[in-house]
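Before any comments, here is the structure.
The values are calculated or read from the model by the stated rules, or taken from the named source; none is laboratory data. What you see is a predicted model, and the numbers here were worked out from it, not measured in a lab. Methodologically, a virtual Cβ is constructed for each residue, glycine included, from the backbone with ideal geometry; neighbour enumeration extends over all protein chains shown.
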Amino acid sequence: MTKQNNLCETIKPDYLAGTGLQVQLLNIRHIQPHRHNGAVEMVYCLQGHVWGHIAHDELHLKAGDLVTFDRDDAHNIMADKDNLCLVVHIDLNHPNYTREEVFETIFSCTTHPKYTRHPEEVQRVCDVLLAAMYVVSERQENAAVICEDIRLNLVDLLMNRFSWFSIEGWYEEGDDKYADRLRMILEYILNNYRSKITISELSKIIYLNPSYISSFMKRTNFHSFSEAVNYFRCFYAEKLLLETDLPIGEISAMAGFSSEKYFYRAFKIHWQTTPLQHRKEYARLMRIKEGYYEYPMDEAREIIKDYIAARQVERARFT
């Protein structure tokens, strides 16, 4: 595979020793496009505002907003004024879940009302992130043990409350059969999207009627089985666009599209741009100098204490 100058570097977080957790307090100017294979990144904006890109979407965070960059999401963050962002990287390995279960789950943990049905749980995540920053900055003797417990609890929370199905608004909470069906369908797509796949083939594997699968997918945020397939093909194609010099035609074929025309159509629908424009935009972003200030732990501890206290006061006022 032909490599080019990285337009989206894959970065392994610098985890606290003995844990799968990295916690930083940053004032961001520009963090260049990157992704994390095997980890999710959470950004909790405490002050000011930041913006950027996240896979197929634009990113806009103001004070109080939280967003999760899913495993392998291409993303960047920038700002033109001072801000305060708590940035946490979480290794997804967990003893209660197989690697396949975790790595085939799409997460959506954010304060954006369109993408969550559990706003109280999102605020709980914000509290946990603040607590993790405080524990690390305190340099407690058992900080690694506490942070690893926090990480495991966060992964568990993501798996049980913030999988892709958690943003579907048409099913009754607790009716797990629908979540299981969507999980099986997406698992099949994730494992086979680069080949020619059909609902009839899927129906034989998961023992559901093809008509039912078609109707079921129309109710989801993907709107149809074919659009779900196209989305994951575009996601894989984006990786090739940003990490290789391959021509669009080759990328289209490698991602499973029957023609370059269908690839352009699908990419424009899901990424709101053309493949070439997307590649050029990331080349532009990579030319912007990276810059951010990471607060030393002693300074971070005092800042975080104030935010924890402020949240407790706010809860006391409205309890």
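Among (1) closer than 29 Å to His53 by Cα; (2) of a type outside the set (Phe, Trp, Tyr); (3) surrounded by 14 or more Cβ atoms within 10 Å (Cβ to Cβ); (4) touching a helix residue (DSSP H, G or I) at 6+ places or on another chain (Cβ under 7 Å), where does Ala283 come up short?
Condition (4) is where Ala283 drops out.
Determine if segment 267-279 includes at least one residue that is assigned to a helix (DSSP H, G or I), in contact with a Lys or Arg (Cβ under 6 Å, 6 or more places away or on another chain), of a type outside the set (Gly, Ala, Ser) and at negative phi.
No, segment 267-279 contains no residue that is assigned to a helix (DSSP H, G or I), in contact with a Lys or Arg (Cβ under 6 Å, 6 or more places away or on another chain), of a type outside the set (Gly, Ala, Ser) and at negative phi.
Pick from segment 60-111 the residues that are among the basic types (Lys, Arg) and over 23 Å from Tyr282 (Cα atoms): which of them is surrounded by the most Cβ atoms within 10 Å (Cβ to Cβ)?
Among those residues, the one meeting the criterion is Lys62.
Collect the residues in segment 202-231 that are more than 20 Å from Glu104 (Cα to Cα) and assigned to a helix (DSSP H, G or I), keeping them in residue-number order.
The answer is Lys204, Pro210, Ser211, Tyr212, Ser214, Ser215, Lys218.
So in segment 179-218, with the set limited to residues that are crowded, with 17+ Cβ neighbours inside 10 Å and among the charged types (D, E, K, R), which one is nearest to Phe235 (Cα to Cα)?
Across segment 179-218, the extreme among qualifying residues is Arg183.
Can you say whether Asp73 is assigned by TED's automatic domain parsing to the domain that holds Thr116, within 26 Å of His278 (Cβ to Cβ), touching an Asp or Glu at 6+ places or on another chain (Cβ under 9 Å) and part of a loop (DSSP other than H, G, I, E, B), as far as the supplied structure shows?
yes
Looking at segment 139-150, which of its residues are crowded, with 16+ Cβ neighbours inside 10 Å and in contact with a helix residue (DSSP H, G or I) (Cβ under 8 Å, 6 or more places away or on another chain)?
Ala143, Ile146, Cys147, Ile150, listed by residue number.
In segment 27-43, which residue that is touching a residue at least 40 places away in the same chain (Cβ under 8 Å) and in a loop (DSSP other than H, G, I, E, B) is farthest from Asn93 (Cα to Cα)?
His36
Ala55 is checked against (1) surrounded by 15 or more Cβ atoms within 10 Å (Cβ to Cβ); (2) among the small types (Gly, Ala, Ser); (3) modelled with pLDDT of 95 or more and fails just one. What number does that condition carry?
With respect to (1) surrounded by 15 or more Cβ atoms within 10 Å (Cβ to Cβ); (2) among the small types (Gly, Ala, Ser); (3) modelled with pLDDT of 95 or more, Ala55 is out only on (3).
Testing Leu46 on (1) outside the structural domain of Arg139 (by TED's automatic domain parsing); (2) part of a strand (DSSP E or B), one condition comes back false. Which one is that?
Status for Leu46: all satisfied but (1).
Among (1) out of contact with any helix residue (DSSP H, G or I) (no Cβ under 8 Å at 6 or more places or on another chain); (2) at negative phi; (3) in a strand (DSSP E or B), which single condition is Gly52 missing?
(2)
If Lys261 satisfies every condition in (1) surrounded by 14 or more Cβ atoms within 10 Å (Cβ to Cβ); (2) over 30 Å from Gly64 (Cα atoms); (3) over 27 Å from the mean Cα position of the chain (by Cα); (4) basic (Lys, Arg) but one, which is the exception?
Here Lys261 clears every test but (1).
Taking Asn142 as the residue in question, decide whether it is polar (S, T, N, Q) and either in contact with a Ser or Thr (Cβ under 8 Å, 6 or more places away or on another chain) or over 30 Å from Leu16 (Cα atoms) (or both).
Taking the combined requirement at face value, the residue does not satisfy it.
Yes or no: segment 243-256 includes at least one residue that is of a type in the set (Gly, Ala, Ser), part of a loop (DSSP other than H, G, I, E, B) and touching a Ser or Thr at 6+ places or on another chain (Cβ under 7 Å).
The answer is yes; a qualifying residue exists.
I need the full set of residues from segment 231-257 which are surrounded by fewer than 19 Cβ atoms within 10 Å (Cβ to Cβ) and of a type in the set (Lys, Arg), in order please.
Once the filter is applied, which keeps residues that are surrounded by fewer than 19 Cβ atoms within 10 Å (Cβ to Cβ) and of a type in the set (Lys, Arg), segment 231-257 yields only Lys239.
Can you tell me which residue in segment 93-125 is nearest to Glu314 (Cα to Cα), limited to those that are of a type in the set (D, E, K, R) and in a loop (DSSP other than H, G, I, E, B)?
Out of the qualifying residues, it is Arg117.
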